[in-house]
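Reviewing the structure listed below.
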Amino acid sequence: MTTGTDFERPLPPDPYSLLPVPTTFALKSADVAEGEPLAADFSVDGADVSPHLRWSGAPEGTRSYAVSCFDPDAPTPSGYWHWTVVDLPAEVTSLERDAGAVGGSGLPAGAFHVASDGGRLGFEGAGPPPGDRPHRYVFAVHALDVPTLGLSESNSPVHVAFNVYFHVLARATLTATYRR
């Protein structure tokens, strides 16, 4: 008889290591550092807001961006999508803190969120099960060769990722961790 939840399982690979490697560019943040723990503000335990992100060096021909935050360590067969932003105009090279606010008020015109795996139409902060190992939160900015993916808020993050795959010119990632 089990008296608690067993979190023993293999460590999943970085999700983008399983895909062809496109050109890369730089992704930085005033709020998040590569490999470091996220502050509680970016979790369900704190303010539950999206961090600031800024990017540079996307290739010529970039016509739009898609941004996502994915937890490959969630105890599910398919990880957990915390945030997906679609159709960011090519001239946008940053998102301010809390750009992931529900309703899209922090996004530039034309851009929109699709629902997180928890059903939130905006950023859903880090929230791994208490007692589990630190989870990785992979923030990714995808430079795309089309001005729009032709999707809507009703699409899933996986559907967005599938469409991004066919239009990605370059990708920048920033991975942080969080544990409860």
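The values are calculated or read from the model by the stated rules, or taken from the named source; none is laboratory data. As the structure is a computational prediction, the values presented were derived from the model and not from experiment. When we count neighbours, we look across all protein chains shown, and the Cβ atoms used for this are built from the backbone with ideal geometry, even at glycine. Protein only, heavy atoms only, side chains kept; ligands, DNA and RNA dropped before computing areas. Shrake-Rupley method; radii C 1.70, N 1.55, O 1.52, S 1.80 Å.
Things worth noting here:
- Pairs linking a residue in region 143-158 that is closer than 23 Å to Pro72 by Cβ to a residue that is of a type in the set (D, E, K, R) and open to solvent by 70 Å² or more (accessible area, probe 1.4 Å), with Cβ atoms under 8 Å and 6 or more positions apart or on different chains, are Leu144/Arg63; Pro157/Asp117.
- Residues that are open to solvent by 10 Å² or more (accessible area, probe 1.4 Å) and in contact (Cβ under 8 Å) with a residue 12 or more places away in the chain, drawn from region 83-94: Asp87, Pro89, Ala90, Val92, Thr93, Ser94
- For region 131-163, a residue qualifies if it is within 19 Å of Trp55 (Cα to Cα), more than 13 Å from the chain's Cα centre (by Cα) and outside any loop (DSSP other than H, G, I, E, B), and the qualifying residues are Ala143, Leu144.
- Failed item in (1) under 15 Å from Asp71 (Cα atoms); (2) more than 14 Å from the chain's Cα centre (by Cα); (3) assigned to a strand (DSSP E or B), with Ala170 passing the rest: (1)
- Considering residues of region 18-55 that are outside any loop (DSSP other than H, G, I, E, B), open to solvent by 80 Å² or more (accessible area, probe 1.4 Å) and not β-branched (Val, Ile, Thr) only, the residue farthest from Asn163 (Cα to Cα): Pro37
- Flag set for Gly103, criterion: out of contact with any Phe, Trp or Tyr (no Cβ under 8 Å at 6 or more places or on another chain) and either open to solvent by 20 Å² or more (accessible area, probe 1.4 Å) or at pLDDT 95 or above (or both).
- Taken as a whole, region 64-71 holds no residue that is open to solvent by 30 Å² or more (accessible area, probe 1.4 Å), in contact with a Pro (Cβ under 9 Å, 6 or more places away or on another chain), in contact (Cβ under 8 Å) with a residue 24 or more places away in the chain and of a type outside the set (Lys, Arg).
- Within region 69-93, the set of residues being part of a strand (DSSP E or B) and either over 12 Å from the mean Cα position of the chain (by Cα) or farther than 14 Å from Ala176 by Cβ (or both) comprises Tyr80, Trp81, Thr84, Val85, Val86, Asp87, Leu88, Pro89.
- Single match in Ser152, Ser116 (criterion: among the polar types (S, T, N, Q), in contact with a Phe, Trp or Tyr (Cβ under 9 Å, 6 or more places away or on another chain) and loosely packed, with under 14 Cβ neighbours inside 10 Å): Ser152
- For region 1-13, the set of residues classified as closer than 26 Å to Ala143 by Cα and exposed (fewer than 12 other Cβ atoms within 10 Å of the Cβ) consists of Pro13 only.
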